[in-house]
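Single-structure report; data block below.
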Amino acid sequence: MQFDFSEEQRALQGEVRRFFERACPVSTVRALIASDASHDAELWKQVSEQGFLAAAIPEDMGGVGAGYLELCLVAEEAGRVLAPLPAVSSIYQAAELIMIAGSHAQKQEWLPRLASGATIATIAVAEAVGEAVPETITARVSDGRLSGIKRPVSDGLAADVAIVVAQALDGIGLFLVDLSAPGVERRPLKAVDPSRKQAEIRFDGARCELLGACGEGWALLSAMRDRAAVLVAFEQIGGAQAALDMARDYALGRYAFGRPIGSFQAIKHMLADMYVSLELARSNAYYGAWALATNAPQLPLAAASARVAAIQAYKLCSANNIQTHGGMGFTWEFDCHLHYRRARYLASVLGTSPLWERKLVAAYGRAA
């Protein structure tokens, strides 16, 4: 398969990069970390006004209808600058899930609001530390009311609405819940990446609305995650590229024993390992972008490949960036830790690496 982005798409990426460089310097990320805010509301407003959130949502549903390839490039540039935005939860996951499972009325109600950024949504799956699987779901819906606890919920403090995975009479289902309604209580949780804040949400008889067919919730969630995994992979390669660039620039400018440290073999090998891992992840992410944009039957395989490679690349690049900086790389004043934190957050947001490695093996076996 030969795939690359078109000249027009690359031109768009250049414009998106210039926007994020102007609108989201690293001081913006640090300011959010130091505050109690759930996300950068002003940046979210600007991104929404640019139409970035609406790229893959159809025009008749309030979106731009540009396509998934354009959204992939937006995701890459957001990852490059560590944009403190709830796009992974609201656009990559919730909007995709509504497009997959929602009724016509639900799509008409929610997609325009998500596309405009007026409403922020999140996905509430896990209930405790560890991998969330159907057997661990104890939140329950009875007579249209939801009870249970979800933790951690990414962007749970920023969200206006949640799509909650819960048990019902006919099995696991997906349920839309207004987070400002009675019977919902939220509290912040400490997060590995304080620029992407998390919450615990308690539901006590909260009114909810079924999304999709009851009993098919886990299958719908899995289908959505295949699509979201590609978009998150582009965020990860954007972040990994930024970490590699940071390490390279420091290695060229930092001198020891009268020579730039980039001339030392150990640093050369470290940078080379980062580059190889990143380019492997990029090729897998491109495969995923092609499968997502064409709705190819290879999407589960492509998504798992992109997810596994991107997790590995961002983790390696963010860790080696710290090592390249030496002792100073561990300090709060240097920005290395920001990518290290984001790499760990994105590695867990759709399920952990072992989960995706198992999915990759299973998808490869089906394709063989």
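The values are calculated or read from the model by the stated rules, or taken from the named source; none is laboratory data. All values derive from a computational prediction rather than experimental measurement. Using ideal geometry, Cβ is built from the backbone for each residue, glycine included, and neighbour counts are taken over all protein chains shown.
Screening ASP226 against (1) assigned by TED's automatic domain parsing to the domain that holds LEU174; (2) modelled with pLDDT of 95 or more leaves a single unmet condition, (1).
Per-residue answers, yes or no, for (1) under 18 Å from ALA83 (Cβ atoms); (2) modelled with pLDDT of 95 or more; (3) of a type outside the set (A, V, I, L, M):
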| site | (1), (2), (3) |
| --- | --- |
| LEU301 | no, yes, no |
| ARG307 | no, yes, yes |
| ALA310 | yes, yes, no |
| ILE322 | no, yes, no |
| MET328 | no, no, no |
| TYR340 | yes, yes, yes |
| GLY351 | no, no, yes |
| TYR364 | no, no, yes |
| ALA368 | no, no, no |
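Within the option set ALA362, ALA310, ALA296, ALA319, being in contact (Cβ under 8 Å) with a residue 60 or more places away in the chain and of a type in the set (A, V, I, L, M, F, W, C) holds for one residue only, ALA310. Of the residues making up region 240-291, those that are part of a helix (DSSP H, G or I) and among the hydroxyl-bearing types (Ser, Thr, Tyr) are TYR250, SER263, TYR275, SER277, SER283, TYR286, TYR287. Scoring PRO58 on the criteria (1) in contact with a Pro (Cβ under 8 Å, 6 or more places away or on another chain); (2) on the phi < 0 side of the Ramachandran plot leaves a single failure, condition (1).
Residue by residue, here is whether (1) among the polar types (S, T, N, Q); (2) closer than 28 Å to GLY171 by Cβ holds:
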| position | (1), (2) |
| --- | --- |
| TRP44 | no, no |
| GLY67 | no, no |
| VAL74 | no, no |
| LEU85 | no, no |
| TYR92 | no, yes |
| ALA95 | no, yes |
| GLY144 | no, yes |
| SER147 | yes, yes |
| LEU157 | no, no |
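State all residues of region 249-261 that are over 21 Å from ARG341 (Cβ atoms) and surrounded by fewer than 19 Cβ atoms within 10 Å (Cβ to Cβ); if no residue qualifies, say none. Within region 249-261, LEU252, GLY253, ARG254, TYR255, ALA256, PHE257, GLY258, ARG259, PRO260 meet the criteria. Within region 147-180, the set of residues being in contact with a strand residue (DSSP E or B) (Cβ under 6 Å, 6 or more places away or on another chain) and either part of a loop (DSSP other than H, G, I, E, B) or farther than 24 Å from ILE91 by Cα (or both) comprises SER147, GLY148, ASP155, GLY156, LEU157, ALA159, GLN167, ALA168, LEU179. Here GLY183 clears all of (1) surrounded by fewer than 20 Cβ atoms within 10 Å (Cβ to Cβ); (2) assigned by TED's automatic domain parsing to the domain that holds ALA296; (3) touching a Gly at 6+ places or on another chain (Cβ under 6 Å) except the condition numbered (2).
Pairs needed: first member in region 64-92, of a type in the set (S, T, N, Q); second member anywhere, crowded, with 24+ Cβ neighbours inside 10 Å and in a loop (DSSP other than H, G, I, E, B); C-beta distance under 6 Å; at least 6 residues apart or different chains. As it stands, the answer is SER89/ASP155; SER90/ILE120, since those pairs meet every condition given. PRO134 falls short on exactly one of the conditions (1) more than 22 Å from ARG282 (Cβ to Cβ); (2) touching a helix residue (DSSP H, G or I) at 6+ places or on another chain (Cβ under 6 Å); (3) surrounded by 24 or more Cβ atoms within 10 Å (Cβ to Cβ), and that condition is (3).
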